[in-house]
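Notes to accompany the following structure.
The values are calculated or read from the model by the stated rules, or taken from the named source; none is laboratory data. It should be emphasised that the depicted structure is a prediction, and the values quoted were computed from it without experimental measurement. Please note: Cβ atoms are built from the backbone with ideal geometry, for glycine as well, and neighbour counts cover all protein chains shown.
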Amino acid sequence: MEIQDIPKYYFVRENGSVEGARVDSFTPETLFSTAGVASHWYDLGESDTYRIATNLGHEIEGTPEHPLVIMGEDGNLRFKTAKNIKAGDWIPLKTGSQMFGNYRRLDKEQSYILGLLTGDGGMTIKDRICFTTADRELLIACKNYFQKKYSCQLQKTKSRKYDYVITSAVVKSELLQSGLSENYSRNKKVPEQIMMAPKEQVVAFLQGLFDTDGSVYKTGKVEFSTSSKKLAKQVSALLLNLGVMHKFRIKGNNQYTDSYILLISGVELINFSQQVGFRLTRKQEKLNSYLAKIKLRTNVDLFPAQGIRILRLWRHLVEDGKKPSKYVDESFHKQICRYAQGGRKPSRESIKLFLEACVKVDPEIYTNDDFKFLQLMVNSGLFFDRVSKVEEFRGRVYDFTVSETHSFVS
């Protein structure tokens, strides 16, 4: 849920203390991420802010003095205030937190149908639910659900080829209580019950949403497109929580005609297929076909400023009388040299291969500080994205107090 919504779901006292609000907390010194508990929540009113955008289109906004974690030139994580962040800085984005709620009013099938209706449904006409699809598989899924749960039939309209409707005040009322809204497409959002639900329901909802508003291209990209900025931001947050990194971009230059697009590519297609995937057979088969014949590489999931650490670790092995070059092929040895010289940034997979080679050379290397840092970093769920733009804004500001770590992931 969004930070401003905390008082809707948790008891906040006059002094700001709050009970039961769990947050994803992170300690830069140890790269340790854990589910923390917020002791206080504050509405700080209107304030000057800095909005920081990254190359992949993600944004974070905070007050000028709000500390954010960046990767320093020395290869260590450290805090830097928002007003001092500049274009070119590397900010870690946390993925794969796997933090979900325990609101169990909805089952998986209800959640999937809510995803379908959020994508290609309409609730703007009184007592009417409309579903638009040319996919027989989705039509059957919807028909079966409404027949089984409400003994209602989806009826094809005469005026539009792919429109199907149910006219029932009772059914519509229940769907509204489940979290669907009567908004037009540009104001659609993820139902609140889904934002607070366990993982199984969240995944089922996303499957319904991607079955309708998702696309799979021959070039091996999965795309989700919507005219609702809020829906796009919420889906982005859900994907990051599941560990699926993606690009966020805006197509158009008018708030009434803009499309908000989430683009998943490279090795993240594997994460998407494993964590979410499609229920719609033709889309999942298309994705499976691409994954089966393409060797995926990434030039996006890179770790900045780690050349000095890799060089120190390599020299440690050489000076200790070991011969690390014997354990890697010539091509990978050249890559290691480029990383050490700062000519290239290593990917997550390259660092894993490098660490495996180090262990083969010296089984006792686990105690080395540089080895421990690199191992923690590649398994931390951090994804480094470069700052593309920093702008001054003004907006309403909220904050948490997390007693143990004094930090939270936003």
Within the stretch 61-80, is there a residue that is assigned to a strand (DSSP E or B) and not assigned by TED's automatic domain parsing to the domain that holds Lys389? no
Of the conditions (1) more than 23 Å from Glu137 (Cβ to Cβ); (2) among the aliphatic types (A, V, I, L, M); (3) out of contact with any Lys or Arg (no Cβ under 6 Å at 6 or more places or on another chain); (4) at pLDDT 95 or above, Val202 fails just one. Which one is it? (1)
Can you list the helices (runs of 4 or more DSSP H) lying wholly within the stretch 278-372 that have 1 or more residues being of a type in the set (Gly, Ala, Ser) and in contact with a helix residue (DSSP H, G or I) (Cβ under 6 Å, 6 or more places away or on another chain)? 307-319, 330-341, 348-361
Within the stretch 244-268, how many residues turn out to be surrounded by 19 or more Cβ atoms within 10 Å (Cβ to Cβ), under 28 Å from Val23 (Cα atoms) and either out of contact with any strand residue (DSSP E or B) (no Cβ under 7 Å at 6 or more places or on another chain) or of a type in the set (S, T, N, Q) (or both)? 1
For the stretch 69-80, how many residues meet the condition of being on the phi < 0 side of the Ramachandran plot, surrounded by 18 or more Cβ atoms within 10 Å (Cβ to Cβ) and in contact with a Lys or Arg (Cβ under 6 Å, 6 or more places away or on another chain)? 1
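When you scan the stretch 156-204, how many residues do you find that are of a type in the set (A, V, I, L, M, F, W, C), within 21 Å of Leu239 (Cα to Cα) and either outside any helix (DSSP H, G or I) or without any contact (Cβ under 8 Å) to a residue 12 or more places away in the chain (or both)? Working first, answer last.
Step one: filter the stretch 156-204 for residues of a type in the set (A, V, I, L, M, F, W, C), giving 165-166, 169-171, 175-176, 180, 190, 194-197, 202-204.
Next, only the ones that are within 21 Å of Leu239 (Cα to Cα) stay: 180, 190, 194-197, 202-204.
Then keep just the ones that are either outside any helix (DSSP H, G or I) or without any contact (Cβ under 8 Å) to a residue 12 or more places away in the chain (or both); that gives 180, 190, 196-197.
Here the count works out to 4.
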In the stretch 378-397, what residues are over 17 Å from Val267 (Cβ atoms) and either β-branched (Val, Ile, Thr) or surrounded by 17 or more Cβ atoms within 10 Å (Cβ to Cβ) (or both)? Val387, Val390, Val397
